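I have placed the structure first, in the form of structure tokens, so that the comments after it can refer back to it.
The values are calculated or read from the model by the stated rules, or taken from the named source; none is laboratory data. Since the model is a prediction, treat every value here as computed from it, not as a measurement. No Cβ is skipped: glycine too gets one built from the backbone with ideal geometry, and neighbour counts run over all protein chains shown. Areas reflect the complete protein model, heavy atoms only, side chains present, ligands, DNA and RNA absent. Shrake-Rupley method; radii C 1.70, N 1.55, O 1.52, S 1.80 Å.
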Amino acid sequence: MKKWVFINWVLALGLSTAAQDSSKKNSDSVYRPLIHFTPSTGWMNDPNGMVFYKGTYHVFYQHNPNASVWGPMHWGHATSSDLIDWKHQPIALYPDSLGTIFSGSAVVDHKNSSGLGTADNPPLVAIFTYHNQALADQKKKNFQTQGIAYSLDNGVTWKKYEKNPVIQNPGIPDFRDPKVTWLEDQQKWVMALAVQDRIYFYGSKNLLQWEYLSQFGKTNGAHGGVWECPDLFPMEFENKTYWVLIVNINPGGPNGGSATQYFIGNFDGREFKPFTAEVRWLDFGPDEYAGVSWFNTSQRRIFIGWMSNWSYANVVPTETWRSALTIPRELSLVKVKDVLLLKSLPVKELSSLIESQTKEIDNQKNPFRVQLTAQANADFSVEIFNDQKEKIILGYDKKQNQFYIDRTNSGKTKFYSEFGKIHTAPRISNDNLIQLDIWVDRTSVELFADEGLTVMTSIFFPNQSMNKIKFNGKWPKDKSPVITSLKSSQNTK
Ligand code: FRU
């Protein structure tokens, strides 16, 4: 008798946890983006190791497969032929005795400089940070080192290098996120590494032995937090080569918490020298972080970020999975009043998602895009809302000459006291006309103003589908705002 009571109790418990699980899954599925990459289950933060090889874009990502909060980091993996439809792949890198696997990059070692492959079958090499929590718990300072892994089957399986780590820690607690690029003219690899609130550069001929070159950042940029996830790459503009250095920072972003800043200057193979000491932001919104670019995409520079903020990423209202990546963006240089700046726009591949112009929206059913042109001499806004008066407002404030995204009453906001706020970004362009290109998915808006000069990314969690839209402002003749409905991408769950 007792036994049966026990069995019934266990059964009831099992059923109720199953019921809870399925209700979690249901509530989570309404928040799962339709055109943004998300992990199938568990936690994701930074995109890592983005590399293009033999027609395939690889993205790896900081992943805790065992819980939907940050924890022991693995490299999750997904592939795509077009940057739109992503296919989940088995986990690429697991923690080992040297530590868990923090952020880093991947390269194609075309000339087999490392000797880890052959001339005919050059290796893909991933360069990442080992984080040793046991050493950190013992209050040791040297708990982060750099390691490598390689793949000889086009990125399908990965093997750790047996002599890891390749860079030992010199006694500095924040020592991480190696981003490696190839310098064709000097025939060497260069690594940008985030070290507290500086960038250290290292050089190597073979990806195995690294030499310290220089450091950057003492008197440049924003220093409100620790520097993380750098990226260094050349860009052509008016037949000249310039160097862009991306530096993510947390906290200390323009709207609080995490954000991506950048510098433009020269790099001679040893030292980076910026043209100005000013702080520039690649995305002013609260929800683009740890963004870096793909390796091996020829003249294109394709960027993707994590669409969240460390201030609240662990408590956003999804339970079975957490976080998405931004839409991929293409970076280019532009001059505004003789000042060289970086702009970013959605990659052209996204146009394959375009369905048709529409007047109706429903962010639960269809992602959509809003494009508008307005005079810069007056305020204007776009309100996306639902019957519960939950709304997200994007607009321009003429007096302050700034754009804003207001998510004060956007639905669930209480999980973090500062979530329900208005975020702002300066207008950088001087044109008389303002152009906005806004990409709206179930839980995100990405605003590209003035051809990508000012960008803002923001996430939100409405209690009900946002199915109404209102435009406030005067539009130039023949230029009323356009709404385009988008297809969902095939981001397998
Ligand atoms: C940035 C970051 C990196 C680190 C990783 C750990 O978001 O803190 O500096 O490598 O996340 O998951």
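Some observations on this one:
- Of the strands (runs of 3 or more DSSP E) lying entirely inside the range 276-391, those containing at least 2 residues that are farther than 18 Å from N248 by Cα, touching a residue at least 40 places away in the same chain (Cβ under 8 Å) and touching a Leu at 6+ places or on another chain (Cβ under 9 Å) are 329-336, 339-346, 354-358, 368-375, 380-385.
- Test: residue in the range 179-192 that is under 26 Å from the mean Cα position of the chain (by Cα), on the phi > 0 side of the Ramachandran plot and either open to solvent by 20 Å² or more (accessible area, probe 1.4 Å) or within 14 Å of the ligand (Cβ to nearest atom) (or both): no
- Condition met for Q402 (closer than 22 Å to S344 by Cα, touching a helix residue (DSSP H, G or I) at 6+ places or on another chain (Cβ under 8 Å) and open to solvent by 10 Å² or more (accessible area, probe 1.4 Å)): no
- Filtering the range 285-342 to residues that are β-branched (V, I, T), open to solvent by less than 30 Å² (accessible area, probe 1.4 Å) and out of contact with any Phe, Trp or Tyr (no Cβ under 9 Å at 6 or more places or on another chain) leaves only V336.
- Number of positions in the range 249-285 that are in contact with a Gly (Cβ under 6 Å, 6 or more places away or on another chain) and within 16 Å of the ligand (Cβ to nearest atom): 7
- For the range 28-75, residues that are away from the ligand (no atom under 12 Å from the Cβ) and part of a loop (DSSP other than H, G, I, E, B) total 18.
- Failed condition for E446, given (1) acidic (D, E); (2) more than 15 Å from N255 (Cβ to Cβ); (3) open to solvent by less than 20 Å² (accessible area, probe 1.4 Å): (2)
- Being at pLDDT below 95 and open to solvent by 20 Å² or more (accessible area, probe 1.4 Å) holds for only one residue in K414, K474, and it is K474.
- Of all residues in the range 202-231, those that are within 16 Å of the ligand (Cβ to nearest atom), out of contact with any Gly (no Cβ under 7 Å at 6 or more places or on another chain) and open to solvent by less than 20 Å² (accessible area, probe 1.4 Å) total 4.
- Strands (runs of 3 or more DSSP E) within the range 76-168 that include 2 or more residues more than 16 Å from the ligand (Cβ to nearest atom), in contact with a helix residue (DSSP H, G or I) (Cβ under 7 Å, 6 or more places away or on another chain) and open to solvent by 50 Å² or more (accessible area, probe 1.4 Å): none
- Pairs are defined by a Cβ separation below 8 Å, a sequence spacing of at least 6 or placement on different chains, a first member in the range 219-233 that is modelled with pLDDT under 95, and a second member that is open to solvent by 10 Å² or more (accessible area, probe 1.4 Å); the pairs so defined are T219/A277.
- Some residue of the range 235-248 being assigned to a loop (DSSP other than H, G, I, E, B), open to solvent by 20 Å² or more (accessible area, probe 1.4 Å) and more than 16 Å from the ligand (Cβ to nearest atom): yes
- The number of residues in the range 249-282 being open to solvent by 60 Å² or more (accessible area, probe 1.4 Å) and among the basic types (K, R) comes to 2.
- Screening L282 against (1) among the hydrophobic types (A, V, I, L, M, F, W, C); (2) over 13 Å from the mean Cα position of the chain (by Cα); (3) modelled with pLDDT of 95 or more leaves a single unmet condition, (2).
- Residue tally, condition closer than 19 Å to P47 by Cα and either at pLDDT below 95 or not charged (D, E, K, R) (or both), over the range 299-324: 17
- Options N248, N239, N206: the member that is free of Cβ contacts under 8 Å to residues at least 24 places away in the same chain and under 24 Å from N296 (Cβ atoms): N239
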